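Contents: one structure, followed by commentary.
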Amino acid sequence: MSGQPGLFLDRDGVINHYLVDSVRSLDQFSYYPFTAEAMKTLGQLGWPLVVVTNQSAIGRGWTQQAQVEQIHQQLCQDALSWGAPIASVEYCPHLPDAGCRCRKPGPEMFERAALAHDIDLGRSVMIGDSPCDIEAANGLGMIGIRVATGRGLVPLAAGLAAAAEVADLREASDWIMNHGGLK
Ligand SMILES: [Mg+2]
Ligand SMILES: [Zn+2]
């Protein structure tokens, strides 16, 4: 696959506070204190920024597509104000056992964004807090960076590995910059 590197970001537990029962509406959506600064740094890469998030709360009936999209509209507006315009937000609304190809670690959200924004996944980075984020990164040949916020570095299954495990999104942005923006 040709194209430019992309930066993929999980949402809950990375950009905004994670809630065990899921973030269901805009009033439950709140950033970490470091989010704006970290996103500003990531924006300087000049890569397409893509948010990829599993939102099975929709499939469970805990929230609705309109509420999720309202959150994403706010996120895109805020990210733009931080100097980190988001190319697209991809979300999977399905239940974990639905057998879809989009729920992480499935590849479909990444493939969709790669096509839309001319991204070479093999030159791309994924930042996430969940094992499924690292599994997706490993499966697609992306560099996977895991943050300790959100789910808190729960053990990875055998055979999975993150390129780096860092405290939070700010450290992840520093890691990427210290590696020269990578390949
Ligand atoms: Mg997460
Ligand atoms: Zn899905």
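No lab work stands behind these numbers, since they all come straight from the coordinates. Just so it is clear, the structure is predicted and the values come from calculations on it, not from any experiment. Quick reminder, even Gly has a Cβ in these numbers, built from the backbone with ideal geometry, and neighbours come from all protein chains shown.
Which one of these is in contact (Cβ under 8 Å) with a residue 12 or more places away in the chain, within 16 Å of ligand 1 (Cβ to nearest atom), among the small types (G, A, S) and part of a helix (DSSP H, G or I): A79, A116, A137? Walk me through how you get there before you give the answer.
Numbers: A79 fails: within 16 Å of ligand 1 (Cβ to nearest atom); A116 fails: within 16 Å of ligand 1 (Cβ to nearest atom).
Of A79, A116, A137, the one residue that is in contact (Cβ under 8 Å) with a residue 12 or more places away in the chain, within 16 Å of ligand 1 (Cβ to nearest atom), among the small types (G, A, S) and part of a helix (DSSP H, G or I) is A137.
Does V68 meet the test of being touching a residue at least 60 places away in the same chain (Cβ under 8 Å) and either part of a strand (DSSP E or B) or touching a helix residue (DSSP H, G or I) at 6+ places or on another chain (Cβ under 9 Å) (or both)?
On the way: touching a residue at least 60 places away in the same chain (Cβ under 8 Å): no; either part of a strand (DSSP E or B) or touching a helix residue (DSSP H, G or I) at 6+ places or on another chain (Cβ under 9 Å) (or both): yes.
So V68 does not fit the description; no.
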Practice item. Might you check whether a residue that is surrounded by 16 or more Cβ atoms within 10 Å (Cβ to Cβ), under 21 Å from M109 (Cα atoms) and in contact with an Asp or Glu (Cβ under 7 Å, 6 or more places away or on another chain) occurs anywhere in the range 80-87? Key: no
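Restricting to the range 1-49, and then to whatever is hydroxyl-bearing (S, T, Y) and not in a helix (DSSP H, G or I), can you tell me which residue is surrounded by the most Cβ atoms within 10 Å (Cβ to Cβ)?
Going residue by residue through the range 1-49, those that are hydroxyl-bearing (S, T, Y) are 2, 18, 22, 25, 30-32, 35, 41.
From what is left, the residues that are not in a helix (DSSP H, G or I) are 2, 18, 22, 25, 30-32.
Values: S2: 7, Y18: 18, S22: 17, S25: 13, S30: 11, Y31: 16, Y32: 20.
Across the range 1-49, the extreme among qualifying residues is Y32.
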**Study point:** Only listed residue being within 16 Å of ligand 2 (Cβ to nearest atom) and either surrounded by fewer than 17 Cβ atoms within 10 Å (Cβ to Cβ) or over 16 Å from the mean Cα position of the chain (by Cα) (or both), chosen from G159, G180, G139
**Key:** G139
Review point. Among the residues of the range 98-111, which ones are assigned to a helix (DSSP H, G or I) and either small (G, A, S) or within 19 Å of Q65 (Cα to Cα) (or both)?
Key: A98, E108, M109
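Every residue, every condition in (1) more than 16 Å from ligand 2 (Cβ to nearest atom); (2) free of Cβ contacts under 8 Å to residues at least 60 places away in the same chain, yes or no:
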| site | (1), (2) |
| --- | --- |
| D10 | no, no |
| Y31 | yes, yes |
| M39 | yes, no |
| L45 | yes, no |
| V51 | no, yes |
| Q55 | no, yes |
Revision key, fill the gap. Within the range 143-155, the count of residues that are in contact with a helix residue (DSSP H, G or I) (Cβ under 9 Å, 6 or more places away or on another chain) and crowded, with 17+ Cβ neighbours inside 10 Å comes to 7
